[in-house]
Amino acid sequence: MSMNEHSHYITFRLGDELFAISVAQVREVLELIQITKVPTVPPYMRGVVNVRGTAIPVVDLRLKFGLPPAPDSLQSRILVLELELDGERTVLGGIADSVHEVVEFEAADIEPPPSIAMRWRTDFIRGMGRKEDQFVIILDITAVFSSEEVAAIAEHELLESNPA
């Protein structure tokens, strides 16, 4: 991205932290709907949701980032993400405590993450922006999900859609 380019990000909260991901990776934002549990998945996997006839795996982003679990609320939302992982298009949902707005950051206004005193894994972070008086952690959402995790998610999707 050149220094005069700008990008749009959707902001969401996990606990008291404000995060952002590129709107290009967000297919839609859903109110919390019925999540079907899937056995033998990692604790951060909440299950699958039916979105217009397609089973989409849902991850609790709080647990994925090592935050303590929190009860779902009226503000909880599912971010339906479309990611390119290992050359494959993968669609999955991430539960956020709340979803806020689309913001625009100039490339020059995005700082690299601090190398010390970060409670988040820096390989998950593309940079830090500022909205009014608060820092916004801009995620590299594809780095959050390893190809092995996505393969496990896809395998559970297949088992759910093609029971023996």
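The values are calculated or read from the model by the stated rules, or taken from the named source; none is laboratory data. Source: prediction; values computed, not measured. Cβ: placed from backbone, ideal geometry, glycine included. Neighbour counts: every protein chain shown.
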(request) Report, by residue number, each residue of segment 28-50 that is touching a Leu at 6+ places or on another chain (Cβ under 7 Å) and touching a residue at least 24 places away in the same chain (Cβ under 8 Å). (result) 29
(message) Cβ-Cβ distance below 7 Å, separation of 6 or more or different chains: which pairs start in segment 104-124 with a residue that is hydrophobic (A, V, I, L, M, F, W, C) and end on one that is assigned to a loop (DSSP other than H, G, I, E, B) and modelled with pLDDT of 80 or more?
(response) 120/65; 124/140
(message) Taking the conditions exactly as written (under 28 Å from residue 130 (Cβ atoms), over 13 Å from the mean Cα position of the chain (by Cα), surrounded by 13 or more Cβ atoms within 10 Å (Cβ to Cβ) and not hydroxyl-bearing (Ser, Thr, Tyr)), does residue 67 satisfy them or not?
(response) yes
(request) Give the number of residues within segment 27-43 that are surrounded by 11 or more Cβ atoms within 10 Å (Cβ to Cβ) and modelled with pLDDT under 90. (result) 3
(request) Return yes or no: is residue 47 at positive phi, modelled with pLDDT under 95, out of contact with any Cys (no Cβ under 8 Å at 6 or more places or on another chain) and buried (at least 18 other Cβ atoms within 10 Å of the Cβ)? (result) yes
(request) Name the single residue, out of those in segment 50-62 being under 15 Å from residue 27 (Cα atoms) and among the β-branched types (Val, Ile, Thr), that is surrounded by the fewest Cβ atoms within 10 Å (Cβ to Cβ). (result) 54
